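One structure below.
Read-outs: derived from the displayed coordinates by stated rules, not from any lab. Just so we're clear, the structure is a prediction, and the values are computed from it rather than from any experiment. Glycine also receives a Cβ, built like all others from the backbone with ideal geometry; neighbour counts cover every protein chain displayed.
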Amino acid sequence: MTRTADEVYLGVDVGTTYTKIQIVDADGNTVALSSRATPWERTAGVTILTPDRLLDEVFQHLETVLDDHPARRVVGIGLTGFGETGVPLGAQGDVLAPGLPWYDLHGADQLDRLAVSLGREAFTGSSGLPMNLKPSLFKFAWLAERYAPLSRWVRWVSIQEWLAFRLTGTIAAEASLASRTGLLDVVSGDQSAETSAWAGVPPTLLPERVGAGTSIGRVTTGPARIHGAHVTIAGLDHLVAAVGLGALDDADLVDSCGTGEAIIRRLPERPWNALNLVDAVNRELSVGRDVFPGRLQAMASVRSGIGMGRFLKLMGIQRDELPALDEAALAVFPRVDGPRVSNVWLDQAQLTNIDYEPDRAEVWRAVIEAVQERAAYLVHQLDVVAGVPARRRIMTGGGLTSRAVREIKRRYLGDYELPDISEATSLGAAHFARMAAGAIPPIRITGSSSDSAVDNAPDHPHLAPVDPADHLASVPGGREDQR
């Protein structure tokens, strides 16, 4: 297909805090990048996302961005973001309840009910997810009680899938997003009949899955300048970011460092079963469908940014003081009897071994060391589950603005790449938009780690095999919530 110079493609990333829109040209070069606050609302003590309000905000945002580029013609749109927030649809495609954020804590009673009736291993072996409140299905009962009974629910779609539906009139799902509901049997790729029966929803609640980069239709509503553009559901944000970063090999590891830290490995193309999924979750990972057809991915999470930030607050460090603190921390030689920090990634962290003359640089060094030790442990678990060590490590995110974090992370994880890409997620979505419009061939995984025996892990004791039970024995309150 012949492309023209005026054609552009949009990547829309609905994020927890901000919704980003990136415009790229036919060659994938960034033309514009813009962000606006995602329009959450607080009502009756609950944070919700009203789909129609989000759509209006996205349309206004699009018009503002496109007004700066009047000669450009939009031919493709890719939609990405977090996967747990979704909405139930009725028989006419009507929204029956608002979306809840992934961090919403409603549904704790459902965790206990599932553990007793279905069983933790049965759920984990099907969904690849740990038993926590992040999967969408644990909010179903709460939403049904307050908005619309389950008997009226015909479909469940993520907020990105709903946007795609409103743009094109086509109801479809994408596998990596569907994996975050807890309803999808990750190995088969089908909706789990057992989990659906437990949740009281129809076995067809999840729409037919389509691959990222597949056009589900053309835009028929909204600003005139996007009418006729191909629309694709690009998939789960972290996985789409990996595409934006060019991490397209089985042996690539992506570490996205922000408020939270997500560490991702694409799993080799080989048979997987429920026992493999249970083992991965026991290693503090989650497993889900990838954005690539028929493929799986494993993910670990560390609440690193928010966890470290509380220590900066404790020490009264302002943003402009961080570079000097970094330099001082890198000059520190950690003492055996010096400050120690533990459980930085949990709700309650511990700071011990403070003497009469506490040194902020020593404390900051101890904080970073604790987080990177945790990250190294999880990287090792990802390598074990994948069956081969990562050959290439790619880092991204605002958490790496700290020089001390960058350098200490390298000591724990080994050499890594740090691409100069500010918004990899919306960029990845824009690449899938190019694919949907036929501007580029299908995006594929370019290599296979199954034939690789490379191990470039640094010679560091924290990367030695660790039994998860041993690692967790000293963690008060149990595990961190896995992503």
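The tail of the calculated P(r) for segment 118-261, taken as Cα-Cα distances beyond 24 Å, holds 41 percent of the pairs.
Please work out the FRET efficiency for the pair Asp56 and Leu111, using the Cβ-Cβ distance as r and a Förster radius of 35 Å; give the result to the nearest 0.05.
Values: r = 35 Å, r/R0 = 1.00.
The value I calculate is 0.50.
Using only the C-alpha atoms, the convex hull of segment 285-334 corresponds to 150 Å³ per residue. Rg over Rh for segment 2-136 works out to 1.09, using Cα positions for both radii and the Kirkwood form for Rh.
Based on DSSP, what percent of beta bridges with both residues in segment 1-79 are antiparallel, to the nearest 5? DSSP beta bridges in segment 1-79 are roughly 75 percent antiparallel.
Each of Met315, Met395, Met131 was scored by other Cβ atoms within 10 Å of its Cβ. Listed from fewest to most, they are Met315, Met131, Met395.
The charge dipole of the chain, taken about its Cα centre with unit charges on the Cβ atoms of Lys, Arg (+1), Asp and Glu (-1) only, comes to about 780 debye. Normalising the average separation of contacting C-alpha pairs (under 8 angstrom, six or more residues apart) by the number of residues puts the relative contact order of the chain at 18 percent. Under 19 Å from a label point set 7 Å out along the Cα-to-Cβ vector of Arg146, the amide N atoms of segment 27-57 belong to 39-54.
With contacts taken as Cα pairs under 8 Å and at least 6 residues apart, segment 137-212 reaches a relative contact order of 37 percent. Taking label points 7 Å from Cα along the Cα-to-Cβ direction, Thr204 and Thr4 give a separation of 4.2 nm.
For every helix of n ≥ 4 consecutive DSSP H residues, a contribution of -39,500 (n - 2.57) applies; sum these over the chain, divide by its total residues, and give [θ] at 222 nm rounded to the nearest 500 deg cm²/dmol. Let's see the in-between values first.
Working: 15 runs with 156 residues, N = 483.
Value at 222 nm, helices only: -9500 deg cm²/dmol.
Under the simplified labelling scheme, the Val46-Gln92 pair shows an inter-label distance of 2.3 nm, with each label point 7 Å from Cα along Cα→Cβ. Cβ crowding within 10 Å ranks Trp142, Trp162 as Trp142, Trp162, fewest other Cβ atoms first. Name the residue farthest towards the positive end of the dipole of the chain from the options Leu55, Leu129, Met395, assuming +1 on Cβ of Lys and Arg, -1 on Cβ of Asp and Glu, about the Cα centre. So the residue we want is Leu55. Note: relative contact order over segment 374-419, using C-alpha pairs below 8 Å and six or more positions apart, is 43 percent.
Shown is the FRET efficiency for Asp190 and Arg444, computed with R0 = 25 Å from the Cβ-Cβ distance and rounded to the nearest 0.05: 0.60. Between the residues Ser34, Ala376, Ala178, the greatest Cα displacement towards the positive end of the dipole of the chain, with unit charges on the Cβ of Lys, Arg, Asp and Glu, is found for Ala178.
Most tightly packed first, judged by the mean number of other beta-carbon atoms within 10 Å of their residues, the peptides 44-50, 97-103, 9-15, 75-81 read 75-81, 9-15, 97-103, 44-50.
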